[in-house]
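Below is one structure. I have some questions about it.
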Amino acid sequence: MTTKSRMKKIYNSKAFWMIVSLLASLTIWVYVTSVETDESKTTFRGVKVELVGEDILRDSRNLVITDMDTSTVTVDVVGPRRIVGSLSSDKLTAQIDVSKLSRAAYTSQQYTIVYPDGIDTSKLSESRRTPETINFMVSAQTSKSIQVRGSFDGSLAEGFTAETPVFEPSTITITGSEAYLKNVEYAWVTFGKDNVDSTYTVETGFTLMDANNEPCSTTGISFSTDVVRATLPLLTLKEVNLGVNIIEGAGANSTNTKITIEPESVTLAGDSALLAGMNKIILATIDLTDFSSTFTETYTIPIDNGLRNTTGETKATVTIEIVGLETKTFRVSNFSCTNVTEGYEADIITESKEITLRGTPEVLAQIRNENIRAVADLTDYKESTGTYMPTVKIYVDGFTDVGAIGEKENTISVEIRKVS
């Protein structure tokens with residue numbers, strides 16, 4: 001039998017493969033046993049420090065943790081290579097139970113390394129910890145209210161103006177250690193949008209600021225709210241002209257009257273519905289018979305309560321000039337009374353009176369005293385008796401576009417008596 005045949009016979013034999021399987025199993029067993037029992041030491045850096053029971057400390061004793069000297073630790077873990085090799089720094093935590101602390105003080109506390117669920121911690125130990133303890137301050141918790149302030153960082157569409165931003169809530173209560181709160185002055189909100197054409201509202205966060213308008217840390221501080229509702233009230237802008245109403249008379253009318261108003265207009269801000277139908281603001285009604293040739297008066301500009309005057313002008317000066325007319329004084333003695341109450345009679349005491357007429361020079365030159373009469377209307381005197389001074393209406397018979405100036409001051413003396 002050849003060597004090749006003998007080898008083939010061995011490879012095909014069941015006994016050979018049983019021996020091979022036994023050797024393989026033995027090898028694996030030896031490896032696993034060595035790995036399971038072989039100790040390893042690994043250094044884990046940056047293990048996060050975790051405080052347990054802070055809510056109990058805060059709610060039941062009104063205490064908070066501040067000024068913790070480190071937020072991570074380094075630890076050397078010793079144990080079977082298989083277990084240690086499955087760990088990492090982010091899977092470990094260094095826990096400190098602060099729920100049993102009872103008074104404000106600076107303290108040093110040991111921590112416990114907490115391993116992931118499923119790890120057999122009985123085979124692990126920590127050979128070294130850096131640092132050994134964690135130092136921090138247990139401080140009394142306090143609260144204070146701070147104002148919410150802010151600005152709109154955006155742009156407005158043409159034809160609009162904005163009022164001061166409004167924040168809801170207008171104040172925020174912050175809570176924490178006095179050491180953390182003492183420098184906080186206010187909460188600052190920044191919000192914005194381009195081309196805003198209506199009242200703009202957004203919910204946003206805020207930044208704590210100190211007295212020097214620098215941002216403050218929020219470490220160890222809680223807030224009554226994390227979000228502020230910021231609103232930019234927007235108003236429509238409209239330029240509105242100023243004007244006056246005139247009562248024509250004594251030859252003066254809109255064609256021969258020059259009216260100047262300074263300023264000519266104001267710019268108003270308000271709701272578009274209020275401004276839509278507003279095209280002119282009337283300052284006053286002026287009777288052209290109250291003056292001879294020129295008139296000047298300053299009036300307060302009336303603004304609706306729902307509108308804002310953005311120009312800042314609160315008064316306007318009105319000047320009226322009568323153009324192309326002259327005045328002439330006549331002595332009148334033609335007096336009469338109308339609408340005397342039945343059963344009464346009126347005796348005119350005034351014998352003559354000077355009356356000033358206004359008109360074109362050509363017309364005034366043609367008028368004579370006998371063309372002018374003054375009539376007193378006694379309707380309102382009813383059953384009055386005694387001497388009175390009613391106003392009279394001046395008539396210039398035969399002439400138009402001419403009239404008396406100061407009709408309210410043109411009076412005569414009349415005695416009214418009851419007829420027996």
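The values are calculated or read from the model by the stated rules, or taken from the named source; none is laboratory data. In this text, all values refer to a predicted model and were calculated from it rather than measured experimentally. Glycine gets a Cβ as well: all are built from the backbone with ideal geometry, and neighbour counts include every protein chain shown. Only protein heavy atoms, including side chains, enter the accessible area calculation; ligands, DNA and RNA are left aside. Shrake-Rupley method; radii C 1.70, N 1.55, O 1.52, S 1.80 Å.
How far apart, in nm, are the 7 Å Cα→Cβ label points at Ser127 and Asp210?
Spacing of the two 7 Å Cα→Cβ label points: 4.6 nm.
Can I ask one more? Using bins 5 angstrom wide from zero, how does P(r) for the stretch 274-323 break down, in % of all Cα pairs?
Using 5 Å bins, I get a P(r) of 4, 15, 24, 20, 15, 10, 9, 3 for the stretch 274-323.
Points 7 angstrom from Cα along the Cβ direction at Glu383 and Ile19: gap in nanometres?
15.6
Would you mind giving the three semi-axes, in whole Å and largest first, of the ellipsoid equivalent to the stretch 38-175 according to its Cα gyration tensor?
On the way: eigenvalues 428, 103, 28 Å².
Ellipsoid half-lengths, sorted descending, are 46, 23, 12 Å.
Give me the distance between the Cα centres of the stretch 105-132 and the stretch 220-279, rounded to whole Å.
If you average the Cα positions of each part, the centres end up 73 Å apart.
Continuing with the same structure: Need one number: nm distance between label points at Ala179 and Thr360, each 7 Å from Cα along Cα→Cβ, rounded to one decimal.
9.8
Quick one: grab the alpha carbon gyration tensor of the stretch 163-260, order the square roots of its eigenvalues as a ≥ b ≥ c, and give me rounded if a/c is under 1.5, else prolate or oblate depending on whether a/b is larger than b/c. Walk me through the numbers on the way to the answer.
Working: a/c = 5.13, a/b = 3.71, b/c = 1.38.
It comes out prolate by the Cα gyration axes.
Take the chain, connect every pair of alpha-carbon atoms lying under 10 Å apart with a spring to form a Gaussian network, then pick out the residue of Ser198, Ser292, Ser122 with the largest mean-square fluctuation.
Ser122
Still on this structure, please answer the following. Please give the solvent-accessible surface of Tyr111 in Å², to the nearest 10, using a probe radius of 1.4 Å with every protein chain present.
Around 10 Å² of this residue is reachable by solvent.
For the stretch 263-420, restrict the atom set to alpha-carbon positions and state the Rg and Dmax in Å.
Reported Rg and Dmax, both Å: 22.3, 68.
How much accessible area per residue does the stretch 320-420 have, in Å², with a 1.4 Å probe? Display every interim value, and only then the final one.
Values: 5900 Å² over 101 residues.
I get 58 Å² per residue for the stretch 320-420.
Out of every Cα pair in the stretch 209-337, what percent are spaced more than 21 Å from each other? Show your work: numbers first, answer last.
Numbers: 5159 of 8256 pairs.
Tail of the P(r) past 21 Å holds 62 percent of the pairs.
In straight Cα distance, which lysines are under 21 Å from Lys144, not counting same-chain residues fewer than 8 positions off?
Lys182
Would you mind giving the average projected area, over all directions, of the Cα convex hull of the chain in nm² with one decimal? Provide the component values of the computation, followed by the final result.
Details: hull surface 208.3 nm².
Reported value for the Cα convex hull: 52.1 nm².
Can I ask one more? When the gyration tensor of the stretch 237-277 is built from Cα positions, what are the square roots of 5 times its three eigenvalues, in whole Å, from largest to smallest?
Values: eigenvalues 179, 28, 7 Å².
Working from the Cα gyration tensor, I get semi-axes of 30, 12, 6 Å.
Give the shape of the stretch 111-237 as rounded, prolate or oblate, defined through the alpha-carbon gyration tensor: a ≥ b ≥ c are the square roots of its eigenvalues, a/c under 1.5 means rounded, and otherwise the shape is prolate if a/b is larger than b/c and oblate if not. Numbers along the way, then the final one.
Details: a/c = 3.99, a/b = 2.43, b/c = 1.64.
Taking the square roots of the gyration eigenvalues as a ≥ b ≥ c, the stretch 111-237 is prolate.
Sticking with this one: Report the FRET efficiency, 1/(1 + (r/R0)^6), for Arg331 and Thr260, where r is their Cβ-Cβ distance and R0 is 41 Å, rounded to 0.05.
FRET efficiency, Arg331 to Thr260: 0.70.
Right, next: Would you tell me the accessible area of Met209, worked out with a 1.4 angstrom probe on the heavy atoms of the protein chains, in Å² to the nearest 10?
About 20 Å², ignoring ligands and nucleic acids.
Which FRET efficiency value, to the nearest 0.05, do you get for Thr294 and Val375 by plugging their Cβ-Cβ distance into 1/(1 + (r/R0)^6) with R0 = 35 Å?
On the way: r = 29 Å, r/R0 = 0.83.
According to the calculation, E is roughly 0.75.
Then there's this: Just to be sure I understand: if I project the alpha-carbon convex hull of the stretch 349-412 onto a plane and average over all orientations, what area do I get in nm²? Show your work: numbers first, answer last.
Working: hull surface 19.8 nm².
Mean projected area of the Cα convex hull: 4.9 nm².
Mind telling me which of Arg81, Arg229, Arg308 comes out most flexible in a GNM of the chain, alpha-carbon contacts under 10 Å?
Judging by the Gaussian network model, the answer is Arg81.
So between Asp194 and Lys418, what do we pick up on full extension, going 0.36 nm a residue minus the alpha carbon distance?
72.5 nm
Residues with amide H under 5 Å of Tyr344's amide H, sequence separation 5 or more or different chain, H placed in the peptide plane at 1.01 Å from N; which?
Val419
Report the full-extension gain for the segment Met137 to Lys48: residue separation times 0.36 nm, less the Cα-Cα distance, to one decimal in nm. Each step should come with its number before you reach the end.
Values: separation 89, 0.36 × 89 = 32.04 nm, distance 1.84 nm.
That works out to 30.2 nm of additional length.
For Asp347, Asp59, Asp76, Asp197, what's the largest-to-smallest order of accessible area, 1.4 Å probe?
Details: Asp347 60, Asp59 115, Asp76 5, Asp197 95 Å².
Result, largest first: Asp59, Asp197, Asp347, Asp76.
Hand me the GluC sites (Glu not before Pro) from the stretch 362-420 located in a DSSP loop with no more than 14 other Cβ atoms within 10 Å, in residue order please. Walk me through the numbers before you get to the answer.
On the way: sites: Glu362, Glu370, Glu383, Glu407, Glu409, Glu415; in loops: Glu383.
Passing both the DSSP loop test and the Cβ count: Glu383.
Still on this structure, I have one more. If you keep only loop residues by DSSP, which trypsin sites (Lys or Arg not before Pro) in the stretch 323-396 have at most 15 other Cβ atoms within 10 Å of their Cβ?
Details: sites: Lys328, Arg331, Lys353, Arg358, Arg368, Arg373, Lys382, Lys393; in loops: Arg368, Lys382.
In loop regions of the stretch 323-396 (DSSP not H, G, I, E or B), the sparsely surrounded trypsin sites (Lys or Arg not before Pro) are Arg368, Lys382.
On a full-extension model of 0.36 nm per residue, what is the gain between Ser222 and Arg82, subtracting their alpha-carbon distance, rounded to one decimal in nm? Walk me through the intermediate numbers first.
Details: separation 140, 0.36 × 140 = 50.40 nm, distance 4.35 nm.
Here the answer is 46.0 nm.
If N is the number of residues in the stretch 328-369, what value comes out of its Cα radius of gyration divided by 2.2 N^0.38 Å? Intermediate results must be reported in sequence, preceding the final value.
Values: Rg = 14.6 Å, N = 42, 2.2 N^0.38 = 9.1 Å.
For the stretch 328-369, the normalised Cα radius of gyration comes out at 1.61.
In a Gaussian network model over the chain where Cα atoms closer than 10 Å are linked, find which of Val266, Val184, Val363 has the largest mean-square fluctuation.
Looking only at Val266, Val184, Val363, the largest GNM fluctuation is found for Val363.
Count neighbours as other Cβ atoms within 10 Å of each site's Cβ, and list the trypsin sites (Lys or Arg not before Pro) in the stretch 112-159 that are DSSP loop with at most 11 such neighbours. The partial results should precede the final answer.
Working: sites: Lys123, Arg128, Arg129, Lys144, Arg149; in loops: none.
Answer by residue number: there is no such site.
Under a Cβ-only charge scheme (Lys and Arg +1, Asp and Glu -1), can you give me the dipole magnitude of the stretch 156-197 about the Cα centre, in debye to the nearest 20? Don't skip to the answer; put the middle values down first.
Working: 2 positive and 7 negative charges, 49 e Å.
Magnitude of the dipole: close to 240 debye.
In the structure displayed, which of Lys193/Lys238; Lys328/Lys382; Lys258/Lys408; Lys258/Lys315; Lys280/Lys408 lie more than 27 Å apart, Cα to Cα? Mind dumping the intermediate values first?
On the way: Lys193/Lys238 23 Å; Lys328/Lys382 35 Å; Lys258/Lys408 23 Å; Lys258/Lys315 20 Å; Lys280/Lys408 29 Å.
Lys328/Lys382; Lys280/Lys408, as the Cα separations exceed 27 Å there.
I've got another one for you. Distance between Cα centroids, the stretch 361-418 to the stretch 300-331: provide it in whole Å.
The stretch 361-418 and the stretch 300-331 have Cα centres spaced 29 Å from each other.
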